[in-house]
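The values are calculated or read from the model by the stated rules, or taken from the named source; none is laboratory data. Please read these numbers as outputs of a predicted model, since none were measured by experiment. Neighbour counts are summed over all protein chains in view; Cβ atoms, including those assigned to glycine, are modelled from backbone coordinates with ideal geometry.
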Amino acid sequence: MKTQYWQVNPTCPEKEIIIKAANLIKAQELVAFPTETVYGLGAAAFQTQAVEKIFMAKGRPEANPLLLHLSRMEQVESVAKEIPPVAEMLMERFWPGPLSIILSARETVPAIVRGGKTTVGLRMPAHPVALALIDQTGPLAAPSANLSGRPSPVNAEDVKADLDGKIAAVLDAGRTGLGLESTIIDFTSRGCRILRQGGITVEELEEATGMAIAINDRGQEQYHHYQTNSQLLLCQTWEEIENSLADIKHAKKKLALVYTYVEKKNARWESLKDKYPQHQSYDLDISSASNRLYSLLREAEEREFELLLFTPLPEKPGGIGRVILDRIYQAARGSSK
Ligand code: TXA
Ligand code: MG
């Protein structure tokens, strides 16, 4: 199949392009679209055959459920059985926005969307293109638009690298703002718990609900292995970095240094850069560079770096920094396999 790429205005999407994309969705095809977090791969949520195509295109295990992307509050009741008052309050407060809410599902939601579970994850993305598309098509089942196990795509080129020829079209609205996925909060077990950290921080959720919220993202691990070819080496101390750089084993590898910092750069890196000018280096601000990480991982692969050496990571960054750290650890786990 020849994938079509359509440039679309990110703030004020052209109606005729949205209609063309919506027509493909209605014809049970897959269309990748931008959200405020990462690009999604959309299919008509109630068309089982269309949803099946998502799993085939991505190489995604069928037991891994998909998030339903909505554009209007009224759609919630048609797919969720019960809406706990706290969940409703969070929708009102954070939607549209990077928060996905797991509720018990109505039987109208196809089993393939739920991954065979009795629950469904709901999200209303804060992106004019996504909202305009969903308004035309109704709820979309949509995972991130990458091959299973690859970093989520933050622009149309990333989508192309993974899915060209496998999907009908890509709505290209440039780079996404956040560059990390939505937070997932589950209301179907006792109380509520965070299954995946993301765009809405734990602090924001605790402030909004007035309660402490448990983070239990272990259940997600099975779906979160990046199969990156660049091995990530997370150094805990400066000595470890120096030793690694001096290590003959590593010296033979094509490696890049990732200088991590929080808000202010540390003068010590610059000395490392001078000392090892032969190595490519990247700067990564852990407190704010949420949309740099996935691009960096993809670029490292493209440039065939065998080793990514990270300078010491902050122990307990707050807010979005904690999410960036979470993804770095996942990538490190995935790359050591
Ligand atoms: O920001 C995002 O959430 C992006 C954009 C495209 O919306 N979407 C995204 O989807 O990251 P995906 O499929 O790549 O990740 C969704 C995660 C998966 O790990 C899936 O297992 C989990 O959400 N999930 C979906 N429905 C669930 C459910 N009913 N119960 C538990 N986990 C669920
Ligand atoms: Mg994904």
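Summary table
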quantity: Selection count, segment 288-313, where residues are modelled with pLDDT of 90 or more, in a loop (DSSP other than H, G, I, E, B) and more than 15 Å from the chain's Cα centre (by Cα); calculated: 7
quantity: Subset tally (residues that are hydrophobic (A, V, I, L, M, F, W, C) and farther than 27 Å from Val109 by Cα) for segment 131-158; calculated: 2
quantity: Test: Tyr261 is within 18 Å of Leu296 (Cα to Cα) and either exposed (fewer than 14 other Cβ atoms within 10 Å of the Cβ) or in contact with a helix residue (DSSP H, G or I) (Cβ under 8 Å, 6 or more places away or on another chain) (or both); calculated: yes
quantity: Subset tally (residues that are more than 8 Å from ligand 1 (Cβ to nearest atom), among the hydroxyl-bearing types (Ser, Thr, Tyr) and crowded, with 21+ Cβ neighbours inside 10 Å) for segment 176-197; calculated: 2
quantity: Any hit, segment 153-169, residues being among the small types (Gly, Ala, Ser) and within 12 Å of ligand 1 (Cβ to nearest atom); calculated: no
quantity: Counted residues, segment 153-175 - those being part of a loop (DSSP other than H, G, I, E, B), buried (at least 24 other Cβ atoms within 10 Å of the Cβ) and either under 13 Å from the mean Cα position of the chain (by Cα) or within 12 Å of ligand 2 (Cβ to nearest atom) (or both); calculated: 2
quantity: Residues of segment 110-126 classified as within 11 Å of Thr35 (Cβ to Cβ), crowded, with 24+ Cβ neighbours inside 10 Å and either more than 13 Å from ligand 2 (Cβ to nearest atom) or in contact (Cβ under 8 Å) with a residue 60 or more places away in the chain (or both), total; calculated: 2
quantity: Hey, Glu82 over 25 Å from Gly177 (Cα atoms), in contact with a helix residue (DSSP H, G or I) (Cβ under 6 Å, 6 or more places away or on another chain) and at pLDDT below 95 or not; calculated: no
quantity: Segment 4-41, residues that are in contact with a helix residue (DSSP H, G or I) (Cβ under 7 Å, 6 or more places away or on another chain) and basic (Lys, Arg); calculated: Lys26
quantity: Residue in segment 317-328 that is surrounded by the fewest Cβ atoms within 10 Å (Cβ to Cβ), counting only those that are under 13 Å from Ile215 (Cβ atoms) and over 13 Å from the mean Cα position of the chain (by Cα); calculated: Arg322
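For every residue, the table says whether it meets (1) farther than 20 Å from Pro128 by Cβ; (2) more than 16 Å from ligand 2 (Cβ to nearest atom); (3) polar (S, T, N, Q).
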position	(1), (2), (3)
Pro10	no, yes, no
Ile18	no, yes, no
Glu36	no, no, no
Met91	no, yes, no
Leu103	yes, yes, no
